[in-house]
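Everything below concerns the one structure shown next.
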Amino acid sequence: MPKDVLQITRRLLLAAAATTILVAPAKAEDTVKLGLVAAMSGQSAKSGEAIVRGLSVAIDEINAKGGLLGKKVELVVRDDESNPAKGAIAARELVQREKVAALFGGLDTPVSIAIVPFANQSKVPFMGVWAAGTPITRNGAAENYVFRVSAVDVLVDKALVDYAAKKYAAKKPGMILINNPWGESNEAGLKAALAEKGVAYAGIEKFQDADVDVVPQLTRLKEAGADVLFMVANVAPSSQVVKSLDRMGWNVPIVSHWGPSGGRFSELAGPSAEKVHFIQTFSFSGKMSPKAEAVFAALKKKYPEIKSIADVTPAVGIANAYDAMHLTALAIAKAGSTDGPKVRQAFENIDTYDGLIKTYSHPFTATNHDALSSDDYIFTYFKEGAILPLTN
């Protein structure tokens, strides 16, 4: 592992460890424990750090107002290393040993999908703050304990198709998708969104996380006449797509899910990273709302290394997690208990919450456990390492 990556990983793991105990309770029952399972190491560690920061700032606010149920809130963090098996083990350990009242989920759709059955069987609320796989919340359980403040693939895919048509007048788009459940979720969503508009696609190509050359797949899409590429992959594989396009000399527009925002994409992909347009749910850029100004000030105070908006990339990790923590706190307070079934019911009965991303009105119902809709998405790009909103 390169020295700089090793240093970053060590820093994030130390940060996670420090965040594990936000207060120093004499006894475990003196706190309300909440657990996070996220990638705190590897290619997506920067996003894991953003999630911890968003949760932590919200917890500071909650504790400053007396905590929950008369107790301080404590966050316990576990690194899933983007591995579904490790994520499932971490979730089980947090529930059974740490006795967390709710779980927060991190970056990867395959990891979250691995946790969903356990959360539903254990009757412990599981709040998603990043992974966008449609089946995470729409999992078919008779009693669904999974909620989310994040993007949803089926809605993202419609937004990607609409953007490609409006921005690039796409007539025959191609798909380059990571070969895992997240890619499968978006393949289904993109096919449905294109069919709804009567648009044919040039082809669908899959690739692996470890692939360093996707020229063969891209060549097939080019020969099939693709005029835009829909890309779905996390940081490292997305960067390989961009570098492969550079080697081919194919300057085709890329409309992407938010995978590139999760880490060192602009560094790994090189100058062409700026050509990728990708979706987000929030940005600190531009004129901030009073809530955004307050959260940004709290972030700078708590994390001195944050000097400007460029230092809070990816902002979606912070914003999704911040709003999700406050909504979870509202549900626990409304339930008057940490009992899972009561908290689940309380989630579905939240009235309004003036959040960072938006003002939520009845964010969850018995039939919809996703608090954000396609109206909450914006398109962005990288500029000198910062994620900025596109103006047109």
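The values are calculated or read from the model by the stated rules, or taken from the named source; none is laboratory data. All of these numbers come straight from a predicted model, not from anything done at the bench. Virtual Cβ from ideal backbone geometry, glycine too; neighbours counted across all protein chains shown.
Being buried (at least 22 other Cβ atoms within 10 Å of the Cβ) and either outside the structural domain of S266 (by TED's automatic domain parsing) or at pLDDT 95 or above (or both): is that true of F347 here?
Judged against the criteria, F347 is a match.
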If Q121 satisfies all but one of (1) in contact (Cβ under 8 Å) with a residue 24 or more places away in the chain; (2) over 18 Å from S150 (Cα atoms); (3) part of a helix (DSSP H, G or I), what's the number of the condition it fails?
(1)
Identify, by number, the condition in (1) surrounded by fewer than 24 Cβ atoms within 10 Å (Cβ to Cβ); (2) at pLDDT 95 or above that V241 doesn't meet.
(1)
State whether the residues of the range 350-358 include one that is closer than 22 Å to I136 by Cα, more than 21 Å from the chain's Cα centre (by Cα) and assigned by TED's automatic domain parsing to the domain that holds N144.
yes
Subset tally (residues that are of a type in the set (D, E) and under 21 Å from I357 (Cα atoms)) for the range 253-301:
1
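Would you mention how many residues in the range 281-311 are in a helix (DSSP H, G or I) and loosely packed, with under 14 Cβ neighbours inside 10 Å? Step through it out loud before you land on a result.
Narrowing the range 281-311 to residues in a helix (DSSP H, G or I): 290-302, 309-311.
Those left that are additionally loosely packed, with under 14 Cβ neighbours inside 10 Å: 290, 293, 297, 301-302.
Final tally of qualifying residues: 5.
Residue-wise test of (1) closer than 20 Å to T109 by Cα; (2) in contact with a Pro (Cβ under 6 Å, 6 or more places away or on another chain); (3) free of Cβ contacts under 8 Å to residues at least 60 places away in the same chain.
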position: S244; (1), (2), (3): no, no, yes
position: R247; (1), (2), (3): no, no, yes
position: N251; (1), (2), (3): no, no, yes
position: P260; (1), (2), (3): yes, no, no
position: F265; (1), (2), (3): yes, no, no
position: A273; (1), (2), (3): no, no, no
position: Q280; (1), (2), (3): yes, no, no
position: S283; (1), (2), (3): no, yes, no
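Of all residues in the range 238-291, which are in contact with a Gly (Cβ under 6 Å, 6 or more places away or on another chain) and over 22 Å from G133 (Cα atoms)? Even if it seems obvious, please write down each step before you answer.
Pass one, the range 238-291, residues in contact with a Gly (Cβ under 6 Å, 6 or more places away or on another chain): 238, 266.
Across the range 238-291, the qualifying residue is only S266.
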Answer yes or no: is there a residue in the range 352-375 that is part of a helix (DSSP H, G or I) and either crowded, with 17+ Cβ neighbours inside 10 Å or in contact with a helix residue (DSSP H, G or I) (Cβ under 7 Å, 6 or more places away or on another chain) (or both).
yes
Pick from A142, A131: which is part of a loop (DSSP other than H, G, I, E, B), in the same structural domain as G355 (by TED's automatic domain parsing), within 19 Å of I279 (Cβ to Cβ) and out of contact with any Phe, Trp or Tyr (no Cβ under 6 Å at 6 or more places or on another chain)?
A131
For F379, only one of the following conditions fails: (1) in a helix (DSSP H, G or I); (2) of a type in the set (F, W, Y); (3) touching a residue at least 24 places away in the same chain (Cβ under 8 Å); (4) surrounded by fewer than 22 Cβ atoms within 10 Å (Cβ to Cβ). What is its number?
(1)
Spans of strands (runs of 3 or more DSSP E) in the range 196-280 with at least 1 residues more than 21 Å from the chain's Cα centre (by Cα)
203-207, 229-232
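Can you pull out every residue in the range 164-180 that is surrounded by fewer than 19 Cβ atoms within 10 Å (Cβ to Cβ) and under 25 Å from S47 (Cβ atoms)?
So in the range 164-180, the residues surrounded by fewer than 19 Cβ atoms within 10 Å (Cβ to Cβ) come out as 165-169, 171-172, 179.
Of everything in the range 164-180, just one residue is surrounded by fewer than 19 Cβ atoms within 10 Å (Cβ to Cβ) and under 25 Å from S47 (Cβ atoms), namely N179.
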